[in-house]
Amino acid sequence: MITKRIIPCLDVKDGRVVKGVNFLGLADVSSPVKLAKFYSDCGADELVFYDITASAEGRALFTGILTEVASTIFIPLTVGGGINTVDDFDRVLKCGADKVSVNSGALRDPSLIPAAAKKYGDQCVVLSVDAKRVDGQFRVFAKGGREDTGLDAIQWIKSGVANGAGEIVLNSIDTDGVKNGFDLEMLEAVCDVVDVPVIASGGAGCVDHFKTLFHTLPKVDAGLAASIFHFGEVSIPDLKRELAADGINMRL
Amino acid sequence: MIAIIDYGVGNLFSLKSSFAAIGADTVVTGDPSLICGAEKLVLPGVGAFGDAAALLRRDGLDKLVKEEALAGKPLLGICLGMQLLFDYSLEYGRHEGLGLIPGSVRPIGDYIPAGYKIPHIGWNALHFPAGKPVSPLFRHIREGECVYFVHSFCGAECGESLIASAEYGAELTAAAARDNVYGVQFHPEKSGNVGLNILRAFCSL
């Protein structure tokens, strides 16, 4: 039986991991290559790399780092951030990415999803969605959660999957950073309408939150988090062992 | 030297890096003389069976790979590269394969119950057929270890050629072999240390 996936997410800017990383025993915690290898060695099932660089030089630097990461770790690698065109897909796939995550780029130009899916296959296209409750509706936000697009998240995700998105990352702005657990209600609403893998993001604060996620919503395939892993609040090997002991299928 | 056969499908970066990580020399090539000169061959592949088979034929590599394999050179097909080793595929019509391993390629949906997502994506455990010696390809790994899959079609009617399966509502073909020809549906180059150990075993065949 297929295992549930645990996915750490690294935000990379100007060639360094940002957003607070605090590891003991790792000489250079801000090196994306070292951190990626650390996570890969300790049992992460996949890695997500976000390019949060704005400048062209930053982008070139990111591409270089990505190539180095991809030749160092041998688990699936998803890359996002600044993906606006099929050429951007091409750029990161050539560096060794396996999947490409689109967010704002697909909101600006929804035809990006079918164009990329046709060229690289559905399994390569990950639709990442930042959503928040507004007037009793799950609303899609753009620009890193700052701008309400007015779009209904469930409809947006449904049409994204119909157009070729092979996986959904649902990041709940309402639960993000609160460390009070994943947004089960929002995740369930998404799982009800799609038949592709759904990755839960936003809200994980402890091992129990992952237990609740996978027990309550068996249709969720993976849990993604950043700071709790970076700060060592939750260690991936311990998390996976505890989940397995609790009857959740894990790769140990 | 291992030749990773380049016939214009997919990205071979990870595969080359994985072999480099275990200290194996590889060349990514579509050049017949390099393929003939290599000690072992790897046939990768992503995308649709019909397109890939046509590309392989266009360059005459289908005949070459088959000749080399029948002459005893170890060959490893990965993902779509594995599917190409079977007799034929039913992916969007019927397409002929290389016929190096008995069997065909069919949609996963023909086997698994409703409610299972397609493609079959993620880490799944390998199971070895009972009552048979474990394939030399798996000499460095254990039953039940997980590897990474991404596929919507799978090997069928492999019979005695089946060397590993994965449970996904049904037993799906994870690997098949005949003599010196091996095929794996999963991606060893994306399967962490378990995958590297499988590549290591291939290198020492």
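Report the residue count in the stretch A:146-166 for those that are within 14 Å of chain B (Cβ to nearest Cβ), at pLDDT 95 or above and within 16 Å of the chain's Cα centre (by Cα).
Summing the residues that are within 14 Å of chain B (Cβ to nearest Cβ), at pLDDT 95 or above and within 16 Å of the chain's Cα centre (by Cα) in the stretch A:146-166 gives 1.
Does the stretch A:34-73 hold any residues that are open to solvent by 20 Å² or more (accessible area, probe 1.4 Å), farther than 15 Å from A:Val18 by Cβ and among the hydrophobic types (A, V, I, L, M, F, W, C), and which are they?
Selection gives A:Phe38, A:Cys42, A:Ala56, A:Ala60.
Between a residue in the stretch B:33-44 that is touching a residue at least 12 places away in the same chain (Cβ under 8 Å) and any residue that is open to solvent by less than 60 Å² (accessible area, probe 1.4 Å) and hydroxyl-bearing (Ser, Thr, Tyr), which pairs come within a Cβ distance under 8 Å, given they are 6 or more apart or on different chains?
Between residues of the stretch B:33-44 that are touching a residue at least 12 places away in the same chain (Cβ under 8 Å) and residues that are open to solvent by less than 60 Å² (accessible area, probe 1.4 Å) and hydroxyl-bearing (Ser, Thr, Tyr), the close pairs are B:Ile35/B:Thr29; B:Val42/B:Thr26.
Going through the stretch A:202-231 one residue at a time, which ones are over 18 Å from A:Ile248 (Cβ atoms) and not in a loop (DSSP other than H, G, I, E, B)?
Selection gives A:Ser227, A:His230.
Can you confirm whether the stretch A:55-75 contains a residue that is at positive phi and in a loop (DSSP other than H, G, I, E, B)?
Initial filter on the stretch A:55-75 (at positive phi): none.
Checked against the condition, which is being at positive phi and in a loop (DSSP other than H, G, I, E, B), the stretch A:55-75 yields no hits at all.
Per-residue answers, yes or no, for (1) touching a Cys at 6+ places or on another chain (Cβ under 9 Å); (2) within 14 Å of chain A (Cβ to nearest Cβ); (3) surrounded by fewer than 17 Cβ atoms within 10 Å (Cβ to Cβ):
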{"position": "B:Arg139", "(1), (2), (3)": "no, no, yes"}
{"position": "B:Val147", "(1), (2), (3)": "no, yes, no"}
{"position": "B:Ser152", "(1), (2), (3)": "no, yes, yes"}
{"position": "B:Gly155", "(1), (2), (3)": "no, no, no"}
{"position": "B:Glu160", "(1), (2), (3)": "no, no, yes"}
{"position": "B:Ala174", "(1), (2), (3)": "yes, yes, no"}
{"position": "B:Glu189", "(1), (2), (3)": "no, yes, no"}
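Given (1) away from chain B (no Cβ under 11 Å); (2) within 28 Å of A:Ser159 (Cα to Cα), identify the lone condition not met by A:Arg59.
Of the numbered conditions (1) away from chain B (no Cβ under 11 Å); (2) within 28 Å of A:Ser159 (Cα to Cα), the odd one out for A:Arg59 is (2).
Can you pull out every residue in the stretch A:132-143 that is in contact (Cβ under 8 Å) with a residue 40 or more places away in the chain and either under 27 Å from A:Phe229 (Cα atoms) or under 18 Å from the mean Cα position of the chain (by Cα) (or both)?
First, pick out the residues of the stretch A:132-143 that are in contact (Cβ under 8 Å) with a residue 40 or more places away in the chain: A:132-133, A:138.
Passing the criteria: A:Lys132, A:Arg133.
Need the failing condition index for B:Glu67 against (1) over 21 Å from A:Cys124 (Cβ atoms); (2) open to solvent by 50 Å² or more (accessible area, probe 1.4 Å); (3) among the acidic types (Asp, Glu); (4) touching a residue at least 12 places away in the same chain (Cβ under 8 Å), just the number.
So B:Glu67 meets the others, but not (4).
Name the residue that is surrounded by the most Cβ atoms within 10 Å (Cβ to Cβ), counting only residues in the stretch A:211-239 that are touching a Leu at 6+ places or on another chain (Cβ under 8 Å) and farther than 13 Å from A:Pro8 by Cα.
Going through the qualifying residues, I end up with A:Leu213.
Every residue, every condition in (1) without any contact (Cβ under 8 Å) to a residue 60 or more places away in the chain; (2) of a type in the set (Gly, Ala, Ser), yes or no:
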{"position": "B:Glu96", "(1), (2)": "yes, no"}
{"position": "B:Leu100", "(1), (2)": "no, no"}
{"position": "B:Val105", "(1), (2)": "yes, no"}
{"position": "B:Pro119", "(1), (2)": "yes, no"}
{"position": "B:Gly122", "(1), (2)": "yes, yes"}
{"position": "B:Pro133", "(1), (2)": "yes, no"}
{"position": "B:Pro136", "(1), (2)": "no, no"}
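For the stretch B:13-48, which positions are of a type outside the set (Val, Ile, Thr), crowded, with 19+ Cβ neighbours inside 10 Å and part of a loop (DSSP other than H, G, I, E, B)?
Just the residues of the stretch B:13-48 that are of a type outside the set (Val, Ile, Thr), to begin with: B:13-21, B:23-25, B:30-34, B:36-41, B:43-45, B:47-48.
Keeping just the survivors that are crowded, with 19+ Cβ neighbours inside 10 Å gives B:14-16, B:18-19, B:38, B:40-41, B:43-45.
Passing the criteria: B:Ala38, B:Pro44, B:Gly45.
The values are calculated or read from the model by the stated rules, or taken from the named source; none is laboratory data. Only a predicted model underlies this, so the values are computations on that prediction, with no experimental measurement involved. Heads up, the Cβs are rebuilt from the backbone with ideal geometry, glycines too, and the neighbour counts pull from every protein chain shown. Note: areas computed on protein heavy atoms with side chains; ligands, DNA, RNA excluded. Shrake-Rupley method; radii C 1.70, N 1.55, O 1.52, S 1.80 Å.
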